[in-house]
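Down below is the structure, laid out as structure tokens.
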Amino acid sequence: QAQADTVKIGVILPMTGQSASTGKQIAAAIALFQAQNGKKAGGKTVEVLIKDDAGVADNTRRLAQELVVNDKVVALAGFGLTPLALATAPIATQSKTPMVVMAAATSAITEASPYITRTSFTLPQAAVAMGDWAPKNGIKKVVTLVTDYGPGNDAERYFADRILLNSGQVLEKLRTPLRSPDFAPVLQKVRDAKPDALFVFLPSGQGAQFMKQFGERGLDKAGIKLIGTGDITDDDQLNDMGDVALGVVTTQHYSAAHPSAMNKKFVADFQAMHKFRPNFMAVGGWDGMRLLYNGLNASKGAGNDALMAALKGQVFESPRGQILIDAQTREIVQDIYTRRVEKKDGQLWNIEFDVQKSVKDPGKQK
Ligand code: DHB
């Protein structure tokens, strides 16, 4: 019987709606991974089922239930936004199904089920690095601007805590809604507050619109530096942002310009197959597939607790650098880079100039 030789991975992504670029990037990365590595793992054929939740948590929950009960998937993966991952956590726990978070980045997600692990990043990992860099580089007074939900809360809190520790000052904490944000009113407040810099976290897909308004309102010309987590200089959009993005410094785990041999091949193969540049979501998807293939090889195709055990403690080289899945927390440990947007051969890139090695999630250490 053919079925016995197949394992299914259920990938739930926002393929439509406001976060569709995340779905597009991760689905593309999964297709590349299987084209490069074949469809066999643990002696079985790996079939990937991609489902569109349109970024709506009720859809994610329903699709996860169907994938577990009807399709008998060996793992769930994807999860483009924090609420979508959190909505699925109880299903992973009840069915003992390993769940690989490839995108969402609120620290607390991995604590929502013992079956959750992650190949993206956490906002505390990225934000703390910026709280160290900024005050050492002449930035003492800041305003923060984040999207008003899990990852924004994490970015604001961990950046603010660290910059205060480093004798900096937070003049104001501003927030915009996840759905259809309007940046004009908050940018006016930033102008009036006259900080040395504005620190920003926005989810992937919102950076270009923000950058445009930042430039149009003349904040760059008013001498207000723009800093943030790498979500705002997202490689999915960066090349179309124009000169307003030049010089913006961000901290994050992945840049398409990362100068390793493995990343150069990853970016070249991705662009040849898909005709666009991979971003940090793509690398989370590609590494998530590596994690699952390695896990299935170790569990000989078995799922549930055998597969979960095989996901914990894995160490491998990613296009971003070496990564580890901490066996205790199931959280990713990775290098965090400080990068500046520069133009090279007519294209905009996040050029890495500093690194903090093997950063654990600061959110797990409180
Ligand atoms: C999340 C979503 C994003 O697009 C991002 O860049 C970071 C975090 C989230 O919802 O967790």
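The values are calculated or read from the model by the stated rules, or taken from the named source; none is laboratory data. As the structure is a prediction and not an experimental result, all values here were calculated from the model. Cβ sites come from the backbone with ideal geometry, for glycine too, and all protein chains shown count toward neighbours. With ligands, DNA and RNA removed, areas are computed over all heavy atoms of the protein, side chains included. Shrake-Rupley method; radii C 1.70, N 1.55, O 1.52, S 1.80 Å.
In plain terms, the chain from GLU47 to ASP5 could stretch by 14.1 nm, reckoned as 0.36 nm per residue minus the Cα-Cα distance. Electrostatic tally near PHE353: other residues with Cβ closer than 11 Å to its Cβ, Lys and Arg +1, Asp and Glu -1, net -1. Diffusion coefficient (Stokes-Einstein, Kirkwood radius over C-alpha pairs, 10 °C, 1.306 mPa s) for the stretch 62-101: 160 µm²/s, rounded to a whole number. Listed by chain and number, the lysines whose C-alpha is less than 19 Å from the C-alpha of LYS189, apart from same-chain residues fewer than 8 away, are LYS140, LYS141, LYS173, LYS212, LYS221, LYS225.
FRET efficiency for the LYS140 to LEU324 pair, using the beta carbon distance and R₀ = 35 Å, is estimated at 0.50.
Roughly speaking, what % of Cα-Cα pairs in the stretch 97-247 are separated by over 28 Å, rounded to a whole number? The calculated P(r) of the stretch 97-247 puts 17 percent of pairs beyond 28 Å.
Projecting the Cα atoms of LEU292, PHE280, THR329 onto the charge dipole of the stretch 264-347, computed from C-beta unit charges around the Cα centre, puts PHE280 farthest toward the positive end.
For ALA28, the shell of other residues with beta-carbons less than 12 Å away shows a net charge of +1, using +1 for Lys and Arg and -1 for Asp and Glu.
Counting only Cα atoms, the size of the stretch 225-366 along its three principal axes is 50, 41, 21 Å, in decreasing order. The residues of the chain have, on average, 38 Å² of accessible surface per residue, using a 1.4 Å probe with all protein chains present. Remark on the chain: Rg and Dmax equal 19.9, 69 Å (Cα only). Expressed as a whole percent, the accessible surface of the chain that belongs to carbon and sulfur atoms is 49, based on a 1.4 Å probe. Compute the long axis of helix 82-95 from its Cα atoms, compare it with the longest principal axis of the Cα atoms of the chain, and write down the angle in degrees, 0 to 90, nearest 10. Helix 82-95 sits at roughly 20 degrees to that axis. Which stretch or stretches of the stretch 252-270 have amide N atoms under 13 Å from the point lying 7 Å from GLU342's Cα along the Cα→Cβ direction? Backbone N within reach: 257-259.
In the stretch 1-92 the Cα-Cα distances spread across 5 Å bins starting at 0 as 3, 15, 24, 22, 18, 12, 5, 1, 0 percent of all pairs. Other residues whose C-beta falls under 13 angstrom from the C-beta of GLY303 contribute a net charge of +3, scoring Lys and Arg +1 and Asp and Glu -1.
Close amide H contacts of THR329 (hydrogens built in the peptide plane, cut-off under 5 Å, sequence separation of 5 or more or a different chain): none are found.
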